[in-house]
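Q: There's a structure below that I have some questions on.
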Amino acid sequence: MEMVETTGEQMDRLDVVAMAPHPDDLELCCAGTLAKLVKQGYRVGIFDLTSGEPTPRGSVEIREAEAEAARQALGVQVRINLGLPNRILMDSPENRYRIATELRRYRPKVLITMAGRTPAASPDHHQGHLLAEASRFYSQLTKWDDRFGGTSPYRVPQLVYATVPFDAEIRHWQSTFVVDISDTFEQKLASLKAYGSQFDDARYEMVKHFITGHCISVGATCGFAYGEMFALPHPVGTSNLVDTVLGRKGPIAPDQLPGENHLPMA
Ligand SMILES: [Zn+2]
């Protein structure tokens, strides 16, 4: 249960925390967005729930070094490992307390979680999704400070789902949106390349192939060269339709008519 700290500036408040069961999960799902948030001036943290070990070609030490290299590739300020058990990660009260304690320490405005079942891959992914929702709720609870290391209650204002690439099941997400990662896609690839124990040269080329195609396909739905897909646990609420659909810095969706050139690279 020991927390492994990989940077020297842990306890400053974070704007965004992204969490997933294994080092490399978030890199696959949303690394371009995490790098972009850093570029935009936000303080971003990654919570790896487990070491990801054992795996056939890894070790705890190798995975820690790879996760740190990926952190540097993305420029993310903080990365911690919560030391929960890989392969048997479960949505349990004790694990909720553990994660909620870190949310109460770092007090992020946004919590991003890898989301979605992976029926043909690790069951940890779905459990991590459930843990993120439950620990966000627990984080705000009063009169339980002793279960959270004496930290004060804190409500994380917003939960965001980072959707799993290559998902074979049809999801019915609410409020999906795509982040333009055209300017950070190379950083995403660099962060994946850092995981040599999981992706040897041949596997990396395969992952690069599929991730590139996926991000192009997702980005194309909104006229971006590369994109990552997110969702919210509820509809988008707004009192201003125009601000919502146009945004402050340009449209959130293609505003061109069919037939116009609207792809950035076109
Ligand atoms: Zn995983």
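The values are calculated or read from the model by the stated rules, or taken from the named source; none is laboratory data. None of the values given here were measured: they were computed from a predicted structure. Methodologically, a virtual Cβ is constructed for each residue, glycine included, from the backbone with ideal geometry; neighbour enumeration extends over all protein chains shown. These area figures cover heavy atoms from the full protein model, side chains too; ligands, DNA and RNA do not enter into them. Shrake-Rupley method; radii C 1.70, N 1.55, O 1.52, S 1.80 Å.
Q: Filtering the stretch 18-45 down to residues that are assigned to a loop (DSSP other than H, G, I, E, B) and farther than 22 Å from Arg107 by Cβ, which residue is farthest from the ligand (Cβ to nearest atom)? Even if it seems obvious, please write down each step before you answer.
A: Looking only at the stretch 18-45, we keep the residues that are assigned to a loop (DSSP other than H, G, I, E, B), and these are 21-24, 40-43.
In the following step, the residues that additionally are farther than 22 Å from Arg107 by Cβ were identified as 21-24.
Details: Pro21: 5, His22: 4, Pro23: 9, Asp24: 7 Å.
Filtering the stretch 18-45 for residues that are assigned to a loop (DSSP other than H, G, I, E, B) and farther than 22 Å from Arg107 by Cβ, the one farthest from the ligand (Cβ to nearest atom) comes out as Pro23.
Q: If you go through the stretch 169-203 one residue at a time, how many are under 20 Å from Ala220 (Cα atoms), open to solvent by 30 Å² or more (accessible area, probe 1.4 Å) and not in a strand (DSSP E or B)?
A: Counting residues in the stretch 169-203 that are under 20 Å from Ala220 (Cα atoms), open to solvent by 30 Å² or more (accessible area, probe 1.4 Å) and not in a strand (DSSP E or B) gives 8.
Q: Let me ask you something else. Looking only at the stretch 123-158, count every residue that is within 13 Å of the ligand (Cβ to nearest atom) and open to solvent by 30 Å² or more (accessible area, probe 1.4 Å) and tell me the total.
A: Just the residues of the stretch 123-158 that are within 13 Å of the ligand (Cβ to nearest atom), to begin with: 123-129.
When the remaining residues are screened for being open to solvent by 30 Å² or more (accessible area, probe 1.4 Å), the result is 123, 126-127.
Number satisfying all stated conditions: 3.
Q: Now, a different point. For the structure I just gave you, tell me whether Val236 is β-branched (Val, Ile, Thr) and either within 28 Å of Ala65 (Cα to Cα) or surrounded by 15 or more Cβ atoms within 10 Å (Cβ to Cβ) (or both).
A: no
Q: Taking the stretch 105-122 on its own, how many of its residues are surrounded by fewer than 23 Cβ atoms within 10 Å (Cβ to Cβ) and either within 16 Å of the ligand (Cβ to nearest atom) or assigned to a loop (DSSP other than H, G, I, E, B) (or both)?
A: Of the residues in the stretch 105-122, 9 are surrounded by fewer than 23 Cβ atoms within 10 Å (Cβ to Cβ) and either within 16 Å of the ligand (Cβ to nearest atom) or assigned to a loop (DSSP other than H, G, I, E, B) (or both).
Q: Still on this structure, please answer the following. Which ones in the stretch 1-24 are under 19 Å from the mean Cα position of the chain (by Cα), modelled with pLDDT of 50 or more and not charged (D, E, K, R)?
A: Leu14, Val16, Val17, Ala18, Met19, Ala20, Pro21, His22, Pro23
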